[in-house]
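Following: one structure in structure tokens, then a few remarks.
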Amino acid sequence: MTGLAHSEMPAATKAGDHADGAGAKAPASAWYALAILIGTTLFAFVDRQIINLIAPSLQRDLNISDLQLGMLQGLGFAFFASLAAYPIGWLSDRFGRRLVLGCCIMVWSISTAACAFQTSFTGIFAAAAGIAIGEAALTPVIFSMLPDLFPERQRNTANFIFFAVALLGAALGLALGGVTLDLLETNHGSLPAFFASMDSWRVALILVAAPGPLFVLLLSTIRMTSNSGRVAAEGEPALNNILPFLREHWRAIACIYGAIFAYSLPLGAVGAWLPVAMPRAFEGIDAASVGVQLGIAMGVGSIAGLIMAPIGIKLLRGDADLKPLRTARFYLTVASLPTLFILFAWQPWQIYAAVGVQVALLLATGALMPGVLQQLSPPHLRSRLLSLLGISGAIATGLAPMIVGAMSGLLDPDRGLLTAMVLVGLPAWIVAAILMSMARRPFVTTIAAIRG
């Protein structure tokens, strides 16, 4: 090992998560903590989805155009969340994950409540940016906390549970936000005078933001089994202490994050272009029917993917450390087949079925990645390295629609979009599988260095 492994890495990092022991069981306090983290995540999704639910009211009362609404719902969240993810990861590694997550809860809660008092697009956009910045903590910080709570034996189980909640959180957020709006609309006259004088959508924003301090209080009751990220060695460069680790272990980092970027491309292409591609390729199909059929296919695929991830690990034999990596490589390899089938499909249902299989394999792989990155990350760098997971996926899903759109103009006008989606997706799946294969040896070297 180089100087990083011996001198820069703090004692807690040298011991690593492996010290928990493969046979240890998580205490009840760990499951209590997971329940609080799940509740916090659902709370965040309600705050995020309420903006989508009140969109018609925003357009009516604030005179917001479709373009501005698209910026508010898409660009505002994606750009600012990606921008904030790494700095938040650094803060949580440096000063403690519970502390940073608690601060972020208050940021998105206050920002949600602030939306209720805005009278222009500029104001509502700025407040929505605050929601995005606060919620950027969810993935890197919470997935970084799980190794501090659960021993290796049960860590993947905790990862899968939280991943499932995060996946279903958007739907639950819409449902809970919808219930809140409906209750306010039907009981607006019985509200206290202060709220009765306000529009229902403004009251809804205040109400869904109100539980923020309660979740901060609940977060403070979590008992950590380690120092939860406050392991940065004294004297290390405050912003650059990740660089020696990246230089020493760049092969493992490049292979795994390269694979994450690659397998995110097909989903970005499908989500953006399939509603446009299907009516062009098949007569008598409209955007509404595509939405229904695509929603069913992706819903079934999502459920299947959540089941496939733990089953794949359980059925696979061999080194436990390598099981997630090998399982992900298998799913990525198989995913190229339904992607290729799109070229030869002659019925719409065949394309929906292929997309459903793609989604299942993608989510099965995605559910495994937090566990892989937890193994790959020293405790004092874990939040920062996990923040790159969301950033890599966001860049790929944003880039893929642009590539498909550029290619489709050079192809057949009827099936050009479908062909372009395959030309982007098929190489992406293959490259991701190859990178996962290449990652095996440097991955083993890196986790051995982390464990000392």
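Rounded to the nearest 10 square angstrom, HIS249 shows an accessible area of 20 square angstrom against a 1.4 Å probe. Sorting VAL359, VAL444 by accessible area puts them as VAL444, VAL359; the probe is 1.4 Å, largest comes first, and only protein heavy atoms count.
If we count every other residue with Cβ under 12 angstrom of ILE434's Cβ, Lys/Arg +1 and Asp/Glu -1, where does the sum land? Once positives and negatives cancel, what remains is +2.
Rolling a 1.4 Å probe over the protein heavy atoms leaves ARG451 with an accessible area of roughly 60 Å². Charged neighbours of THR445, selected by a Cβ distance under 12 Å, balance to +2 (K, R count +1; D, E count -1). Positive contributions from Lys and Arg (+1) and negative ones from Asp and Glu (-1), summed over other residues with Cβ under 14 Å from the Cβ of LEU316, come out at +4. Taking a ≥ b ≥ c as the square roots of the Cα gyration tensor eigenvalues, region 343-405 comes out oblate, since a/c reaches at least 1.5 and a/b does not exceed b/c.
Using the Karplus relation 6.51 cos²θ - 1.76 cosθ + 1.60 with θ = phi - 60°, the per-residue 3J(HN,Hα) values for region 150-155 come to 10, x, 4, 4, 10, 5 Hz, with x marking Gly and Pro. Across the protein chains, with a 1.4 Å probe defining accessible surface, the residues THR333, THR339, THR122 rank THR122, THR333, THR339 from largest area downward. Under 5 Å between amide hydrogens, built in the peptide plane, is the criterion, and for ILE64 it picks out GLN59 among residues at least 5 positions away or on other chains.
Quick one: with all protein chains in place, what share of the accessible area of region 333-428 is carbon or sulfur, to the nearest percent (1.4 Å probe)? Within region 333-428, the accessible surface is 78 percent carbon and sulfur. When restricted to Cα atoms, region 347-452 yields an Rg and a Dmax of 17.6, 58 Å, respectively. Relative to the current alpha-carbon distance between ILE110 and LEU62, full extension at 0.36 nm per residue lengthens the span by 15.2 nm. Per-residue 3J(HN,Hα) values for region 429-441, derived from phi via the Karplus relation 6.51 cos²θ - 1.76 cosθ + 1.60 with θ = phi - 60°, read 4, 5, 4, 4, 5, 5, 5, 5, 5, 5, 6, 4, 5 Hz in sequence order (x marks Gly and Pro). When TRP90, TRP349 are compared by accessible surface with a 1.4 Å probe, the order from highest to lowest is TRP349, TRP90. In sequence order, region 416-424 has phi-based couplings of x, 5, 4, 5, 5, 4, 5, 5, 8 Hz under the Karplus curve 6.51 cos²θ - 1.76 cosθ + 1.60, θ = phi - 60°, and Gly or Pro positions carry x. When nucleic acids and ligands are ignored and a 1.4 Å probe is applied, MET308 ends up with an accessible area of around 50 Å².
Comparing region 90-191 with the 2.2 N^0.38 Å rule of thumb, its C-alpha radius of gyration ratio is 1.35 (two decimals).
The values are calculated or read from the model by the stated rules, or taken from the named source; none is laboratory data. Computed from a prediction, not measured in an experiment: that's the story for all the values here. Please note: Cβ atoms are built from the backbone with ideal geometry, for glycine as well, and neighbour counts cover all protein chains shown. SASA here: full protein model, heavy atoms, side chains in, ligands and nucleic acids out. Shrake-Rupley method; radii C 1.70, N 1.55, O 1.52, S 1.80 Å.
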